[in-house]
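The values are calculated or read from the model by the stated rules, or taken from the named source; none is laboratory data. Just so you know, these numbers come straight off a predicted model, no measurement behind them. Backbone-built Cβ (ideal geometry, glycine too); neighbour counts: all protein chains shown. For accessibility, only protein heavy atoms count, side chains too; no ligands or nucleic acids. Shrake-Rupley method; radii C 1.70, N 1.55, O 1.52, S 1.80 Å.
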Amino acid sequence: MKMTGNIKKILNNYESDNPGVKANLAKILMSGKLAGTGKLVILPVDQGFEHGPARSFAKNVLGYDPHYHFKLAINAGLSAFAAPLGLLEAGAGTFAGQIPLILKMNSSNSLSREKSAPSQAITGSVSEAIRLGCSAIGFTIYPGSDAALDMITEIQEIALEAKDAGLAVVVWSYPRGGDISKDGETAIDIVAYAAHMAALVGAHIIKVKPPTSFIEQNEAKKVYESENIPIGTLKDRVKHVVQSCFHGKRLVVFSGGSSRGKDDLLKEISELYLGGASGSIVGRNSFQRPYDEALHLLNQITNIYRGK
Amino acid sequence: MKMTGNIKKILNNYESDNPGVKANLAKILMSGKLAGTGKLVILPVDQGFEHGPARSFAKNVLGYDPHYHFKLAINAGLSAFAAPLGLLEAGAGTFAGQIPLILKMNSSNSLSREKSAPSQAITGSVSEAIRLGCSAIGFTIYPGSDAALDMITEIQEIALEAKDAGLAVVVWSYPRGGDISKDGETAIDIVAYAAHMAALVGAHIIKVKPPTSFIEQNEAKKVYESENIPIGTLKDRVKHVVQSCFHGKRLVVFSGGSSRGKDDLLKEISELYLGGASGSIVGRNSFQRPYDEALHLLNQITNIYRGK
Amino acid sequence: MKMTGNIKKILNNYESDNPGVKANLAKILMSGKLAGTGKLVILPVDQGFEHGPARSFAKNVLGYDPHYHFKLAINAGLSAFAAPLGLLEAGAGTFAGQIPLILKMNSSNSLSREKSAPSQAITGSVSEAIRLGCSAIGFTIYPGSDAALDMITEIQEIALEAKDAGLAVVVWSYPRGGDISKDGETAIDIVAYAAHMAALVGAHIIKVKPPTSFIEQNEAKKVYESENIPIGTLKDRVKHVVQSCFHGKRLVVFSGGSSRGKDDLLKEISELYLGGASGSIVGRNSFQRPYDEALHLLNQITNIYRGK
Amino acid sequence: MKMTGNIKKILNNYESDNPGVKANLAKILMSGKLAGTGKLVILPVDQGFEHGPARSFAKNVLGYDPHYHFKLAINAGLSAFAAPLGLLEAGAGTFAGQIPLILKMNSSNSLSREKSAPSQAITGSVSEAIRLGCSAIGFTIYPGSDAALDMITEIQEIALEAKDAGLAVVVWSYPRGGDISKDGETAIDIVAYAAHMAALVGAHIIKVKPPTSFIEQNEAKKVYESENIPIGTLKDRVKHVVQSCFHGKRLVVFSGGSSRGKDDLLKEISELYLGGASGSIVGRNSFQRPYDEALHLLNQITNIYRGK
Amino acid sequence: MKMTGNIKKILNNYESDNPGVKANLAKILMSGKLAGTGKLVILPVDQGFEHGPARSFAKNVLGYDPHYHFKLAINAGLSAFAAPLGLLEAGAGTFAGQIPLILKMNSSNSLSREKSAPSQAITGSVSEAIRLGCSAIGFTIYPGSDAALDMITEIQEIALEAKDAGLAVVVWSYPRGGDISKDGETAIDIVAYAAHMAALVGAHIIKVKPPTSFIEQNEAKKVYESENIPIGTLKDRVKHVVQSCFHGKRLVVFSGGSSRGKDDLLKEISELYLGGASGSIVGRNSFQRPYDEALHLLNQITNIYRGK
């Protein structure tokens, strides 16, 4: 497919990256139903690590099989499929070349207790991402955690290695731990800050949660009020987050959160779209539904991002 | 021996592995009395490390000599023999080529106190596994331990090196420490989760304990109940654990536990077999018995896995 | 531009450095309006990391775009532009060769709590500084912090690598943490000490805050009094800090601090100049003002350092 | 000297080692008065590190000079001389080729407090052992210490490197720290366990203290009683320890302990010999005595091991 | 200058060192007024790191300039000049070849609080010592500190690298921290022990403080009393320390301590000389005095060591 001017413009924002990285970003942006639109929808399947197999796959037992998720992502015309090492290894050969892959390189789990220093185990490497034919690596940081400085130092080292290998870098920036309150994890000031930090450490694609209108930090509150930063609607808040990512020069995608009603989800994604989000990452909301229902839902989501 | 279609099918599940790894997996699956069945029985002798020499070998003093265990495993027609560095070094020359070897690369001991952060010392390396002619390396992780993230990061690094060297990776996944209760260590939700984690970090063969019907975590309990996941019998639970390992696409073997009555053990193994277990790891239950009795018992066990 | 004798004299003070380092120091000293004067004014934009995007850029929303800062620094005729990895990546291609760049290699943030052991995450590398065409790397140490020994050990390793690559080394030396009081962070004895430590670890350019006349440590107080060290005026104190940097043989620049009235700022900078400061680093006081106003202010600042 | 069948048989037990390691083991077993007997007596001089110079050498001030110990070991016809880096460096040139050397690669000291996590500092390296013409490296582990897992991981790495360089590996296995009681440090179950652990980590020569009949761990006590393991005499206990080292396939030597009456010492060593000990390590009991007396005593000790 | 037999004899004590190390030791022993005597006086200037610039240089402001110290050491005919990286960098070019240099590779400071685990930051590297034309590296260990094992492990690694590069190794062995009392830091048993530890880790030149007659450890006290070790005079104690350094086979120099009366200092140094000290390290007592006075004092000190 010939590259659209739209995509060329986005790639130009990554002006310091080598051709290998640009080609892989282009591959993601030129795949699936959203090819050429500059938008992207990603299927992530790391919930088995995070919540265990039963909580992830018992609702739709086909999901125990890694091939199921590859097929779902390919047939739904998504932009990329993201998963931990073992899961990618179980399908990367069969589905080679059919969808861009993102190796999630660190993982949390619900068996380890977290307290104030939540962190993740390293569960993959750049050399394995290359061996599996991935287009990008994914890495989670927990801004606010007492382990945050270490996690940021880790992504620095990994991103350097990934970029040298021509891989794109996707950073999940999820504030938690330390002095961050539960509400603060999705507060607008914290989410915008977390997104900005991801941009500053050199992420090509930034993933955050949809922010609420709550403001966590007093110093930030003063500025949001004195400068009248609009945060009343989700659209406003998304706009602010996108702005916080180098004035929109970095791709920012939003997670779908826990499984819930289809209408709620689609309404939220419409607002994300209107706010200028680059796309969505939809996991449990898709693969925990029956296959046809999931395909239909993902079609509705990609349609939103195609502006239909 | 010509490879059976059975084994080819299993190897196909390891679709991202290099020919070296596949050859070593095949070697294990084509060795001993279970050759070609897709099942495997392994003799592990790391109890000396874990409980000390007297508790391990005083019952059958021939076991103080490493050669004894090599002979037992070979003569019983087992699929592989697993032990720490020193023990393998003491027999790898004499018995070279007679049975696939697994170098257990980390080890716990009963002299170190554990509390909430149980861990193991690294006691071997990939280069030593190669020097000793091993087919695989073994590594234990303790999901739930406050040291779990570090252990998972370690296996990531070691597995990467092992796979590059064409060695198969066996992960002992034994939940303990942190907030995990004593009953929780063998709870069905925890064991299935631990097995799934081992699959996600890229294990070729997963070793867990036979799970009980106890459920440790509340969030998991809700799902086991709402989705009516059958866990009433050991057979049911084993089926669930196998399903949690990529829908049966990874080999899952179960430990024999502490030494006990022969009938109990064989009954348990029959249930494991019926639940779809790939095999058993039987240590103290074999080598603490007199030689002929052990051979007879192991013969009964392999017969179970041969469906006789 | 032909190099002035002024600059040659400064370069001679770096008598153990290789020609690569000297060329990069010369590049900074021969750029912008202060070229050849031996003085320098640097624009740093790491406040987004330190305080978040809203607190940094909401006052002047053009600042969300990295290009804005490159343009501001270039058009104001500054000596160099300093920023974290992601921000430099977003403009280093477009503005290549127009202004010397300093890659800030570690970064703090307001989401991580600090207590007695404040530290920073490593967010860049020497190889990336080279890839982006930088002239120098920047690194912060926190003398007094319980993490200070580790931070100093880090800068030792990084500075070694940077110098081998011909890059200049700028050290932000900001006392805090441990037993240092809030007032102590800018106390004259502490600031002079922090500047001296930066010189001893091999910094080419040292950045500290303008010191107050407060004295933090009793042992120091005795000497300031017995030796009648003049610290009554800012000019006196700056002179003492410059003296503490190898009798003026190292370049010492002072930060502008939080945003405030223009007149206050210019008055302070005049005193810095009279005390013998090598220059200023001015961040929020410039980019949070409207563009023309910022240009005008920076022009006034460079004029001070040109002795006009 | 032509190698005895005795020694060939011992070397055959190290069946996985390369010719370099075997040659160095042979060198130790073919040196001094015990050459060819399969027994060995080693002079260790690391007490200066452990207790300081006065407590070690004031009784016999000639011992302050490293050369004294080289001469004593050579003239007494011992099998090897073991010491820390600095001490070996001070004589390895003068006495090159006259006695096999063992570089003690980690060291404790009485100035550092230990509490529950006793450990040792690394004070040598394999490359230095090679440079000094050593035949082996020595390393202490403290089973039971809260630092034990780290120490075991260290010896794994060092032993790998040493074996690759053809050096033999001697492990001092001294339980202490953690939950181990003072009496437990020499309890028969603990000493046998510690010796077995050293064998499992791949030691060629294992050094432990002569065990008492005390039993530290309840789980072990049950087995010692139910299996009627004889531990009444030192001879019995040594036999049990030797058995715990791969049924006698590894060399096991015993320390002489603190300085004391000559008769007591010789009586103890006779029992060690009768129990099947491979030899003794005698430090303070030799070098704190006058030279001639020490020579005489060491002669009596080697005579015991020659079965005279 | 032709080498004296005196020096050849000393070099023979370093029998395991390569010609590069011996040449650098010879360079120090053949420089300045003490050339060929086997004695040495070193000027160390690391007080700026340890106490800050004002406490170090305000008394004699010329000392703010690194060149001042180079000149002082050269014109006083000293044996070597020791300082941290930045200070050496500031003069190593100008004064190349005029005096042997020692790069002090770790440094403490008065801003970091210490408590029971005092340590130092690494502030230099062997490759920088080579680049600056140094003859030796210097490193401080704190025996007794809870960080002592780590510091000893560090010097092991650094000394190995230094020796391979032909550099001599000077170890500052300063007991402190842990259970060491304030008086214990200079107690005779502790200082002798600390000196012995430095010898055992492979130091070529050992630096300690002049010991008092206080005895810190009970176990040691027993031996000092039972063996009647003379410690009544400083001369006696120095003799004991020298003996503790391989019976005088290692060079041992003593620090001058805090600045004080000239007569006291000279009297102390005379006793050091009579006790067999290899020399002195004199910092603040020289550079805090006016230049001519300092030159005169240093001349008196070197005269003492020349036996005049």
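For the range B:106-132, a residue qualifies if it is touching a residue at least 40 places away in the same chain (Cβ under 8 Å) and more than 9 Å from chain D (Cβ to nearest Cβ), and the qualifying residues are B:E114, B:K115, B:S116, B:A117, B:P118, B:V126. Looking at A:D65, is it of a type in the set (D, E) and buried (at least 19 other Cβ atoms within 10 Å of the Cβ)? Considered against the rule, which asks whether it is of a type in the set (D, E) and buried (at least 19 other Cβ atoms within 10 Å of the Cβ), A:D65 comes out as no. The criterion of at least 2 residues that are within 14 Å of chain D (Cβ to nearest Cβ) is met, among helices (runs of 4 or more DSSP H) falling completely within the range E:1-88, by E:5-12, E:19-29. If the condition is being open to solvent by 10 Å² or more (accessible area, probe 1.4 Å), within 21 Å of E:I130 (Cα to Cα) and small (G, A, S), then the range C:160-213 contributes only C:A165. Of all residues being within 14 Å of A:M105 (Cα to Cα) and within 7 Å of chain C (Cβ to nearest Cβ) in the range A:138-159, which is surrounded by the fewest Cβ atoms within 10 Å (Cβ to Cβ)? Just the residue, please. Taking the candidates together, the pick is A:Q156. Considering the range D:235-246, and only residues there that are surrounded by fewer than 21 Cβ atoms within 10 Å (Cβ to Cβ) and out of contact with any Pro (no Cβ under 6 Å at 6 or more places or on another chain), the residue that is farthest from the other protein chains (Cβ to nearest Cβ) turns out to be D:K235.
Residues considered: A:G38, A:G32, A:G20, A:G86. Of these, the only one that is under 21 Å from B:Y14 (Cβ atoms) and not polar (S, T, N, Q) is A:G86.
Within the span defined as the range B:251-262, every residue fails to be touching a Gly at 6+ places or on another chain (Cβ under 7 Å) and within 14 Å of another protein chain (Cβ to nearest Cβ). Being in contact with a His (Cβ under 7 Å, 6 or more places away or on another chain) and either more than 10 Å from chain A (Cβ to nearest Cβ) or not charged (D, E, K, R) (or both) is not true of B:A194. Before we move on, is C:S79 closer than 30 Å to A:A147 by Cβ, open to solvent by less than 10 Å² (accessible area, probe 1.4 Å) and touching a residue at least 40 places away in the same chain (Cβ under 8 Å)? Against the criterion (closer than 30 Å to A:A147 by Cβ, open to solvent by less than 10 Å² (accessible area, probe 1.4 Å) and touching a residue at least 40 places away in the same chain (Cβ under 8 Å)), C:S79 does not qualify. For the range A:214-234, the count of residues that are surrounded by fewer than 22 Cβ atoms within 10 Å (Cβ to Cβ), within 13 Å of another protein chain (Cβ to nearest Cβ) and touching a residue at least 60 places away in the same chain (Cβ under 8 Å) is zero.
Of all the numbered requirements in (1) within 24 Å of B:S255 (Cβ to Cβ); (2) surrounded by fewer than 19 Cβ atoms within 10 Å (Cβ to Cβ); (3) among the hydrophobic types (A, V, I, L, M, F, W, C); (4) touching a residue at least 60 places away in the same chain (Cβ under 8 Å), B:I74 misses one, and that requirement is (4). Screening the candidates A:G178, A:G166 for the property of being out of contact with any strand residue (DSSP E or B) (no Cβ under 8 Å at 6 or more places or on another chain), within 30 Å of A:A90 (Cβ to Cβ) and in contact (Cβ under 8 Å) with a residue 60 or more places away in the chain yields one hit, A:G166.
Considered as a group, the residues in the range D:45-62 that are in contact (Cβ under 8 Å) with a residue 60 or more places away in the chain and open to solvent by 10 Å² or more (accessible area, probe 1.4 Å) include one that is nearest to E:H204 (Cα to Cα), and that residue is D:D46.
Quick grid of which residues meet (1) over 26 Å from E:R55 (Cα atoms); (2) not charged (D, E, K, R):
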{"position": "E:R237", "(1), (2)": "yes, no"}
{"position": "E:K262", "(1), (2)": "no, no"}
{"position": "E:Y273", "(1), (2)": "yes, yes"}
{"position": "E:N285", "(1), (2)": "no, yes"}
{"position": "E:L295", "(1), (2)": "no, yes"}
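Residues considered: E:I137, E:I99. Of these, the only one that is closer than 20 Å to E:A23 by Cα, of a type outside the set (G, A, S) and not in a strand (DSSP E or B) is E:I99.
Taking B:R113 as the residue in question, decide whether it is of a type in the set (D, E, K, R) and in a helix (DSSP H, G or I).
No.
Looking across the range A:257-284, the residues that are under 18 Å from A:V191 (Cα atoms) and open to solvent by less than 10 Å² (accessible area, probe 1.4 Å) come down to A:I269, A:L272, A:G275, A:A277, A:G279, A:S280, A:I281.
Going by the conditions given, is A:A80 out of contact with any strand residue (DSSP E or B) (no Cβ under 9 Å at 6 or more places or on another chain) and among the hydrophobic types (A, V, I, L, M, F, W, C)? Here the answer is no, as A:A80 does not meet what is asked.
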